[in-house]
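Right, one structure below, let's go through it.
Every number in this text was worked out from the coordinates using simple rules, so none of it is lab data. What you see is a predicted model, and the numbers here were worked out from it, not measured in a lab. Note that we place each Cβ from the backbone using ideal geometry, even for glycine, and neighbour counts take in every protein chain shown.
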């Protein structure tokens, strides 16, 4: 049986979401259940990986490149919306990070007819809100 593609929203780029993703996907268990596909910012994930000592690489994919995801054990595939500036401070409230956290679920909502993910996870409140809302684009 083919493992489902699960879109994982990155959450607040100034918070712990990127670090949690990099630490979690370093373990074999999530990949045994699914093919994880992060929706967020590839450079922020790389920064988070350095912070937590992860050896994972990050593959940056454009919104229309989901078919390029390879789901390798040593790489995090990321639909890279490029919404986060490289110098965004960690642990500080940020309108930019807040807006990005709001945007990510819009791109994670499953639409198999368009080659999207089979399901999505992340901040339950945000994902749930977008499941019932019209699909938006940046």
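What the table below lists for this structure:
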{"quantity": "Two-decimal log10 I(q)/I(0) for region 1-46, as the Debye equation yields it once each C-alpha is a single scatterer, q = 0.25 Å⁻¹", "calculated": "-0.91"}
{"quantity": "Inter-centroid distance (Cα atoms) of region 6-47 relative to region 49-107, Å", "calculated": "8"}
{"quantity": "Cα-projected label distance for residue 29 with residue 73, points at 7 Å along beta-carbon direction, nm", "calculated": "1.7"}
{"quantity": "Volume of the Cα convex hull of region 23-66, divided per residue and given in Å³", "calculated": "71"}
{"quantity": "Spacing of the two label points (7 Å from each Cα toward its C-beta) at residue 62 and residue 20, in nm", "calculated": "3.1"}
{"quantity": "Net length gained if the chain between residue 99 and residue 86 were fully extended (0.36 nm per residue, minus Cα distance)", "calculated": "3.1 nm"}
{"quantity": "Projected-area mean, region 1-94, by convex hull of Cα positions, square nanometres", "calculated": "5.7"}
